[in-house]
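Everything below concerns the one structure shown next.
Please treat every number below as a calculation from the coordinates, not as lab data. A quick note: this is a predicted structure, and the numbers were derived from the prediction, not measured. Neighbour counts run over all protein chains shown; Cβ positions are idealised from the backbone, glycine included.
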């Protein structure tokens, strides 16, 4: 595919775990047969490992996964023109984003999405949740609340 692709949308995910980072998700995804981590970005919640202490310096930290020029593996049938962002968190049902993610994570999400929207001329209507493409809770909230940040 080369080092360029037309990016038209952003798809937001959750990890369905209370902990994690790019290295851990890469390991899990490779074990499932992926060639790399499926997401382009992961936004940490301050807990990298199970039962680890909360680290406020890592809460909201944005880690890069797959390079943007490479097609992701995060939303079956919708990876060719999208960027996958994963928030570390484990929603139990659909609710407000503040229920599952820290204020720092949501601030980082807002900053990252704003930067990507500008860089790739992505309109707010092209910010989606994984649950818009698959029968899943992921990311655990209605992404329309995120789209409203830019309307």
Counting only DSSP beta bridges with both partners in the chain, the antiparallel fraction in percent, to the nearest 5, comes to 25
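Where a ≥ b ≥ c are the square roots of the eigenvalues of the C-alpha gyration tensor, would you call the stretch 54-113 rounded, which needs a/c under 1.5, or, failing that, prolate if a/b is larger than b/c, or oblate? Mind showing how you got there, number by number?
Numbers: a/c = 2.34, a/b = 1.46, b/c = 1.60.
Here the stretch 54-113 falls in the oblate category.
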Along each of its three principal axes, how wide is the spread of alpha-carbon positions in the stretch 105-151, in whole angstrom units, largest first?
30, 21, 16
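Treat the count of other C-beta atoms within 10 Å as a stand-in for reagent exposure and order 102, 145 from fewest to most. Don't skip to the answer; put the middle values down first.
Values: 102 20, 145 12.
In increasing order of surrounding Cβ atoms, one gets 145, 102.
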Can you show me the helix-derived [θ] at 222 nm for the chain, built from DSSP H runs with n ≥ 4 at -39,500 (n - 2.57) apiece and divided by the number of residues, rounded to the nearest 500.
-6500 deg cm²/dmol
Based on C-alpha coordinates, I'd like the Rg and Dmax of the chain, in Å.
14.3, 41
Considering the chain as a Gaussian network with a 10 Å cut-off on Cα pairs, which listed residue, 110, 47, 32, attains the greatest mean-square fluctuation?
32
